[in-house]
Each structure stands twice: as structure tokens, then as C-alpha cells.
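Since every read-out is calculated from the coordinates, none of them should be taken as a lab result. The model shown is predicted, which means the values in this text are computed figures rather than measured ones. Because the Cβ atoms are built from the backbone with ideal geometry, glycine has one as well, and the counts that use them run over all protein chains shown.
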Amino acid sequence: MPFPDPSPRTHETTDAQRDETKRQESPCSFFFAQGQSLVLASKYFKDERLVDRARGGVAGKHRHRNSLALYGQMLATFEYMLKDFIAKVIDSCGAFDEKIQKCKWIEVDAGRVLASRTVAATPGSILIHPTLGWHYPETVNIRYQELFSHQAIDSSEISTLKKLWILRHSVAHNAGFVTHHDASRLGIPALSERTVDIDGEFISEAFDFLCPIAERVATVIGDKILLLWLSTLVPLGANFTRDEEAYIRIKKLASYVASRTQELPAFSNTDYNTDFLRAATL
């Protein structure tokens, strides 16, 4: 069976273009836009929108199946953000090249490189996106600490995030059915041998929990990266013309737009000079 060809957008073109720009330039803003869309989708077919005859058992089963898929997609989008942020840092500047070369969790084999012939793959995407282990908060923190001297996930968030990943495993690999082992790991024995009931409200709460992590990656870690890169240019003096392209790339990585419909901000010489002065005081 042939895979479906990617079709051009025929509706919501503006939204699609905005999301694609965020995907390319601001992974954390892209997570918010995609996550918010998934939350809206999960709440779309609520009873108030449906005629009485569409609120029964069959409709409920279909809504439950939709919610499982949307929840799995949300966690996939979160994983993509964690990886793509690092990939785009690699592509934006050479400030972390030495650390990248020492990371034992990054392995490059011939097959991965050869596979990139058919697409316009960047060095960052080749190095980072095939890696595993992003479902383990401690592993994510070790990697971010190793590269950026700052952890992405607060200690108070680790337990809840682990549970969200276990649920995602049940959804993605067991059709929402919770095994004895996963129920034990969740600390909810009553879920054993049952199908987890994920609804729009749970998806919304999960999104609200994940958003502060995305914001922290952008505005805290991203800002550290920006200042570190600028600090290497301090001996040369400020020169927006010289640094404009790289500065805007990194500045957008350090941006977090908590709006599905808002565009990414534009940055100017004034922003550059302000950030340069901050870097000069490090």
C-alpha cells in the first residue's frame, strides 16, 4: 500500500504557514501552538456541541479514541521540542561544538548519514533527532546540563512527567490498555488491565503542565545560550551588520510565544545592542 502523498494546504493556510515558521525558528513556540491546537481539538466534540442522539455510548467511544490519539500526539510534540531545540542550537552557532563532540549519547553511523541524501537534513538534525532516551526526565536533564549547564526539568516536575510518559507508552503501544507493570509504575493499581480514560480535560491539564518546561527551555536556557555566544564577540565590539543573521536565529530560539495565533517577534539593532551589553557584563 503506497503512503499518501503530502497534499498542499487548502484551508487554514495562514495558520499552517505560521506554525511552520515557528517549527523552523522557535521549537518551544511551535510546541505551544501545536499543543494548544490539540487541546482545542480534544474539546471540540463535547456534549454541548452535539445533538442528543450523538451523546451516547458509540459517540463516547469515538471521542475516547480521538482523545487517546491527541494525547499521544501532544507528548510526541513535546519530545520533538526537546530534541529540536538542541538541533537548532547546533545549526545556529559553533559555541557548543566541542561539547557535542564529547557527548557519548550522540552516535553517528553511515546509515544515518546516507539517509540524509534524500532530504535537506542539517547537521543538528542528523546528530540529535535519531537519538533515544527523551522519555526519561533524568536523562533529558543530564543532556541539557552537559551541553548548557542548566537542566530543562525541575525536580518537582519529574515524577508527574514520568507518569505522563508511562501513559503515553500505554496509548502508543498498547492502545490505551494499562498493563500490570505500567499500573505499578504509575502507582495506580486500579488501572491494571484496564483502558485508561483520557478526555479533553486531562489533555488540557497535561498541556498546562508541559508549557512551563517549554518556556524554561526557551527563555532561561535559550537566553543563556544567546549571552554565551555574544560574550565570545565582546572583544570584537558590537556590530549588528556582522552578527545579524546568527543573532536573530539564536534570539528566536530563546523566544516563547504563548499564543497559537501570534507571530514570532521581530528583532532589531536595538535588541542586539541591549543583549550585547548584557553579555559584556558576564
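Some notes on this structure:
- Euclidean distance between Cα centres, the range 217-232 to the range 137-197, Å: 29 Å
- Scanning residues 5 or more positions from THR195 or on other chains, those with amide H under 5 Å from its amide H are VAL178, with H placed 1.01 Å from N in the peptide plane.
- Against the chain, whose longest principal axis comes from its Cα atoms, helix 57-92 is set at around 10 degrees.
- Helical runs assigned H by DSSP (4 residues or longer) give the chain a calculated mean residue ellipticity at 222 nm of -20000 deg cm²/dmol, each run adding -39500 (n - 2.57) before division by the residue total.
- Amide H to amide H, with H built 1.01 Å from N, TRP134 comes under 5 Å of no residue 5 or more places away or on another chain.
- Each peptide in 202-210, 265-273, 240-248 receives the mean, over its residues, of other Cβ atoms within 10 Å, and ordering these scores from highest gives 202-210, 240-248, 265-273.
- Around HIS64: net Lys/Arg minus Asp/Glu count, Cβ-Cβ under 9 Å: +1
- Most mobile listed residue (ALA152, ALA95, ALA218) in the chain, GNM with C-alpha springs under 10 Å: ALA95
- Derived scalar couplings ³J(HN,Hα) [the range 141-157; Karplus, 6.51 cos²θ - 1.76 cosθ + 1.60; whole Hz; x for Gly, Pro]: 5, 4, 5, 5, 5, 4, 8, 10, 6, 7, 8, 7, 10, 5, 4, 6, 9
- Largest mean-square fluctuation among CYS93, CYS28, CYS211, in a Gaussian network model of the chain whose springs join Cα atoms under 10 Å apart, belongs to CYS93.
- Descending semi-axes in whole angstrom, ellipsoid equivalent of the range 163-213, from the Cα gyration tensor: 20, 11, 10
- Value of Rg to Rh for the chain, rounded to two decimals, is 1.01; Kirkwood radius and Rg both from alpha-carbon coordinates.
- GNM on the chain, alpha-carbon springs under 10 angstrom: the most fluctuating residue among GLU98, GLU157, GLU263 is GLU98.
- Normalised alpha carbon radius of gyration of the range 218-282 [divisor 2.2 N^0.38 Å]: 1.11
- In this structure, the residue pairs whose Cα-Cα separation is over 31 Å, taken from LYS162/LYS252; LYS99/LYS252; LYS43/LYS88; LYS61/LYS163; LYS22/LYS61, are LYS43/LYS88; LYS22/LYS61.
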